[in-house]
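Here's the structure we're looking at; comments come further down.
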Amino acid sequence: MPRPETTRRSATGTAVAGMTMVTVGAMTANIASYLLHLPAGRWLGPAGYGEFAALLAAQLVLAVPALALQTVVAREAVHGSGVAALRRLGYRCAAMAAVVALILVPVVAWALDTSVAGAFGSLVTAPLLVLLAAEQGLLQGRGRFAALSAVLAVAGIAKVVPAVAVLAVGGGPGAALFAGAVGTGVVAVAASLLVGRGGEEATSWVPNTGAVLRASQVQLALIALTSLDLLLARIVLDADSAGLYALG
């Protein structure tokens, strides 16, 4: 029978290895996201890049529930909730995000002085990120950290590469962001196949969408505040000045 000290060391080593893998995946996604701004700033010019950055900021704020959903799903998966029940929670949250996105499209287009198509191309990503977050939460809660790391990295790359390709052929901010949304949707589907249906459910109870919204309050405040300057710059400055501010 293994000693308690050996068991604790083994568990600690597994946890550290898991965190390391997830960190690598998250860093890959963050680097890809950062690199997107380099060709965007060069090919779109100041005015186009200002629109691009403002729409990305709006997208980030609307996608905040996805961050909370992954945490909630991971926690409940550890507690024994089944895959099907947790996916239903993800579907409900994604539906809510989709409704809010559709309502906000004309508002964002008016406030940021963009086309309706551009605002739609940005905000449509939010419900897809919510669906992806549910699958990432399932991987996290089941301790499949290598798979989670791969999904994080691929999701970041799949969101950026199509956007860069659209920019390279002369597409505008909205078209580039919509291409990134398509990439995110493809990864969400692939992640659901990777997770699979799961085994027998220990319990079918899961929190409601209110629990996810409550869990996202602090993150929403932080991200809203850090994105506010880009949104305000687009509103109060001329197009070129807003673009130069965003790139800086």
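Details
- 0 to 90° range, to nearest 10: angle between helix 173-195 axis and the chain longest Cα axis: 10
- Applying 0.36 nm per residue to the separation of T209 and L222 and subtracting their alpha-carbon distance, the gain on full extension is 2.6 nm.
- Positive minus negative residues near G137 (Lys, Arg vs Asp, Glu; Cβ under 15 Å): +4
- From most to least packed by mean Cβ count within 10 Å, the peptides 123-133, 233-243, 157-167 give 123-133, 157-167, 233-243.
- Rounded percent of accessible protein surface that carbon and sulfur make up, the range 78-152, 1.4 Å probe: 73
- Mean silhouette area of the chain, derived from the convex hull of its C-alpha atoms and averaged over all directions, reads 14.2 nm².
- Each principal axis of the Cα atoms in the range 8-139 has its own extent, and those three values, largest first, are 56, 32, 16 angstrom.
- Inter-site label distance for V236 and W110 at 7 Å from Cα along Cβ, in nm: 2.1
- Residues in the range 52-84 reached by a label modelled at V99 [backbone nitrogen below 19 Å; 7 Å Cα→Cβ]: 62-66, 69
- In this Cβ point-charge picture (+1 for Lys and Arg, -1 for Asp and Glu), the range 13-153 has a dipole of about 420 debye about its Cα centre.
- Excluding ligands, DNA and RNA, the accessible surface per residue across the chain is 50 Å² with a 1.4 Å probe.
- Within-13-Å neighbourhood charge of A109 [Cβ basis; K, R +1; D, E -1]: -1
- Taking the Cα centre of the chain as origin and assigning +1 to Lys and Arg Cβ atoms and -1 to Asp and Glu Cβ atoms, the resulting dipole is close to 820 debye.
The values are calculated or read from the model by the stated rules, or taken from the named source; none is laboratory data. The structure presented is a predicted model; accordingly, all values stated were derived computationally and were not measured. Don't worry about glycine lacking a Cβ; one is built from the backbone with ideal geometry, like all the others, and counts go over all protein chains shown. Side chains included, ligands, DNA and RNA excluded: accessible areas come from the protein's heavy atoms. Shrake-Rupley method; radii C 1.70, N 1.55, O 1.52, S 1.80 Å.
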